[in-house]
Amino acid sequence: MFKGIPYGASTAGENRFRPPQPATAWTGIRESVEYGPTAPQTLGSNGQLAAGQSEDCLAINVWTPEANSNRKRPVMFWCHGGGFTSLSGSSPSYDGTNLCNRGDVVVVTVNHRLNIMGFTHLAELGGESFAHAGTAGMLDLVAALQWVQRNIEQFGGDPDNVMIFGESGGGRKVGTLLAMPAAKGLFHRAVIQSGPTIRLASAEAGTRQATSLFEELGLQTGDMQGLQNAPVERIIAAYQAISRTSSFAPVVDGDALPASPFHPTASAVNPDVPLIVGANRTELTLQMRGDTEAFNLDEATMMQRLESILGDMTREVVDVYRSAEPDASPSELFFLIVSDRAYVVPCTVIAERRAALNAAPVRSYYLTWETQTLDGRLMTPHALDIPFVFDNTHAERTVYGFTTGTAEERAMADKISDSWIAFARSGNPDTGKLPDWPVYTGESRQVMVLNNESRVVEDPIRERRQVMQRVMNLT
């Protein structure tokens with residue numbers, strides 16, 4: 001393990017809101033046994049950045065079976081979750097040891113700029129040198145992929161066989177990289193796990209958001225010197241205030257990001273990259289796990305909650321879902337509807353639109369395996385796929401305590417992680433441990449339903465998908 005290797009310079013001061021700059025060179029041996037700092041995102045009770053956070057956050061971590069060898073192994077480059085706003089690549093859940101040993105692969109995780117530090121669109125307010133501030137955090141990932149191209153052979157990896165993969169916000173980053181010209185040729189496979197980014201903010205919306213940053217800081221709009229000189233704690237405090245009504249994510253600036261990743265069609269910037277995309281059956285049980293009422297709904301309360309989300313289509317949607325899922329309780333029906341709306345159906349639309357390019361193969365999955373922790377009430381929550389993909393089902397490294405290392409969980413990890421490894425190696429996930437995984441097309445809609453007994457099903461949630469695509473105007 002090599003942790004905390006800098007792939008870029010500090011993003012403070014003159015580098016703030018600008019594209020990543022080269023890391024400072026060093027001579028001799030550098031110790032790489034600790035993770036690097038996390039990107040600024042929260043303040044402690046003393047008003048300072050929380051422990052372990054710094055603008056000097058452009059760091060990469062590498063797990064390899066053998067450094068300085070002549071072998072060229074597939075590289076699995078993980079983009080961390082947390083939307084575009086939080087967390088890091090240093091979570092124990094993303095420890096690459098088991099994946100590395102299991103697959104004879106090189107695993108990479110990375111930290112990069114997030115939230116207001118990585119995605120404030122300043123092109124119209126700050127001039128040409130800040131033209132890419134709205135995609136700076138994504139350009140950090142491009143710089144990390146360029147680092148892989150230059151250096152990964154010395155860690156036993158193959159720069160010509162790189163797979164990018166990520167869950168939640170990490171999946172959204174993967175989708176965004178697929179639409180970035182600067183990333184073209186830097187990766188060769190992609191996996192989007194519960195991370196649909198179909199449409200990103202316009203430059204106009206980004207400029208309005210950036211204007212609110214100057215206002216929150218008491219600076220004249222366009223005062224870039226003031227913005228770069230402001231203490232990072234003031235910037236994060238401003239972010240916390242603005243984010244109550246506005247979220248920060250990459251902006252379609254017409255250059256670094258010419259268009260949204262999958263709107264109105266899939267970006268054709270990287271058409272030849274094979275893709276796996278999918279989601280989990282009851283994603284929103286994780287985000288709503290503290291909402292006791294949501295897990296104990298009666299029919300009337302369920303309808304009331306859904307009306308605030310679906311409006312005039314509530315009754316039609318509920319009737320379709322009730323017909324498709326006749327045994328579901330009101331709470332389960334509610335979670336299916338909101339999870340399909342937030343994750344499952346948008347991921348299906350990504351598969352549809354990517355397949356419509358008629359270029360590289362697309363494969364789709366739907367995870368239905370249910371966790372037994374927390375009395376099983378979360379069913380198939382957001383992030384449940386992570387311990388299976390990383391083969392980290394044991395308590396020390398699992399995410400959110402979803403797994404405890406049981407034989408059943410290890411069997412799931414054996415199938416799923418081997419499939420991801422095979423896909424990284426060849427672009428084909430078939431290993432013989434799951435049924436043969438066919439290519440997804442808009443006509444056949446063949447989906448791998450992942451469970452103890454996995455199976456390929458044509459359009460497994462057809463009626464639900466159709467009505468939800470109309471709700472979301474994604475037909």
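The values are calculated or read from the model by the stated rules, or taken from the named source; none is laboratory data. Bear in mind the structure is a predicted one, so any value in this text is a computation, not a measurement. Note that we place each Cβ from the backbone using ideal geometry, even for glycine, and neighbour counts take in every protein chain shown.
When residues in the range 188-210 are screened for being closer than 20 Å to residue 422 by Cβ and buried (at least 23 other Cβ atoms within 10 Å of the Cβ), 5 of them pass. Restricting the range 147-193 to residues that are of a type in the set (S, T, N, Q) and under 16 Å from residue 249 (Cβ atoms), the residue that is nearest to the chain's Cα centre (by Cα) is 168. Count, please, the residues in the range 251-283 that happen to be surrounded by 24 or more Cβ atoms within 10 Å (Cβ to Cβ), under 24 Å from residue 137 (Cβ atoms) and charged (D, E, K, R). Selection size over the range 251-283: 1. State whether one or more residues within the range 419-435 are without any contact (Cβ under 8 Å) to a residue 12 or more places away in the chain and closer than 27 Å to residue 322 by Cβ. No, that holds for no residue.
Residue-level check: of (1) buried (at least 24 other Cβ atoms within 10 Å of the Cβ); (2) under 17 Å from the mean Cα position of the chain (by Cα); (3) not in a helix (DSSP H, G or I), residue 247 misses just (1).
Within the range 381-409, residues that are in the same structural domain as residue 337 (by TED's automatic domain parsing) and closer than 22 Å to residue 453 by Cβ sit with their Cβ atoms under 6 Å from residues that are outside any loop (DSSP other than H, G, I, E, B) and among the acidic types (Asp, Glu), at 6+ positions apart or across chains, in these pairs: 386/167; 393/409; 403/409. Looking at the range 432-475, which of its residues are of a type in the set (S, T, N, Q), part of a loop (DSSP other than H, G, I, E, B) and over 26 Å from residue 417 (Cβ atoms)? Matches in the range 432-475: 441, 444, 473, 475. Restricting the range 284-293 to residues that are touching a residue at least 60 places away in the same chain (Cβ under 8 Å) and not β-branched (Val, Ile, Thr) leaves a set whose member that is surrounded by the fewest Cβ atoms within 10 Å (Cβ to Cβ) is 287.
Do we have residue 198 as of a type in the set (A, V, I, L, M, F, W, C), closer than 25 Å to residue 347 by Cβ and touching a Cys at 6+ places or on another chain (Cβ under 8 Å) here? Spell out how you get there, then give the answer.
On the way: of a type in the set (A, V, I, L, M, F, W, C): yes; closer than 25 Å to residue 347 by Cβ: yes; touching a Cys at 6+ places or on another chain (Cβ under 8 Å): no.
Here the answer is no, as residue 198 does not meet what is asked.
In the range 40-53, which residue that is under 15 Å from residue 231 (Cα atoms) and not hydrophobic (A, V, I, L, M, F, W, C) is surrounded by the fewest Cβ atoms within 10 Å (Cβ to Cβ)? The extreme case among them is 46.
Take the conditions (1) closer than 30 Å to residue 228 by Cβ; (2) buried (at least 24 other Cβ atoms within 10 Å of the Cβ); residue 82 misses just one of them, which is (2).
Kindly indicate whether residue 167 is among the acidic types (Asp, Glu), in contact with a Ser or Thr (Cβ under 7 Å, 6 or more places away or on another chain), more than 24 Å from residue 130 (Cα to Cα) and not assigned by TED's automatic domain parsing to the domain that holds residue 427. Give the derivation first.
Values: among the acidic types (Asp, Glu): yes; in contact with a Ser or Thr (Cβ under 7 Å, 6 or more places away or on another chain): yes; more than 24 Å from residue 130 (Cα to Cα): yes; not assigned by TED's automatic domain parsing to the domain that holds residue 427: yes.
Yes.
None of 256, 182, 266, 241 is in contact with a helix residue (DSSP H, G or I) (Cβ under 6 Å, 6 or more places away or on another chain), more than 24 Å from residue 122 (Cα to Cα) and of a type in the set (A, V, I, L, M) except 266. Would you mind telling me which numbered condition in (1) over 19 Å from residue 450 (Cβ atoms); (2) in contact (Cβ under 8 Å) with a residue 40 or more places away in the chain; (3) touching a Pro at 6+ places or on another chain (Cβ under 6 Å) residue 302 fails? Of the numbered conditions (1) over 19 Å from residue 450 (Cβ atoms); (2) in contact (Cβ under 8 Å) with a residue 40 or more places away in the chain; (3) touching a Pro at 6+ places or on another chain (Cβ under 6 Å), the odd one out for residue 302 is (2).
Tell me the residue from 19, 37 that is crowded, with 18+ Cβ neighbours inside 10 Å, touching a residue at least 40 places away in the same chain (Cβ under 8 Å), of a type outside the set (Phe, Trp, Tyr) and touching a helix residue (DSSP H, G or I) at 6+ places or on another chain (Cβ under 8 Å), please. Break it down into steps so the answer makes sense when it comes.
Working: 37 fails: touching a helix residue (DSSP H, G or I) at 6+ places or on another chain (Cβ under 8 Å).
Only one candidate passes the filter, namely 19.
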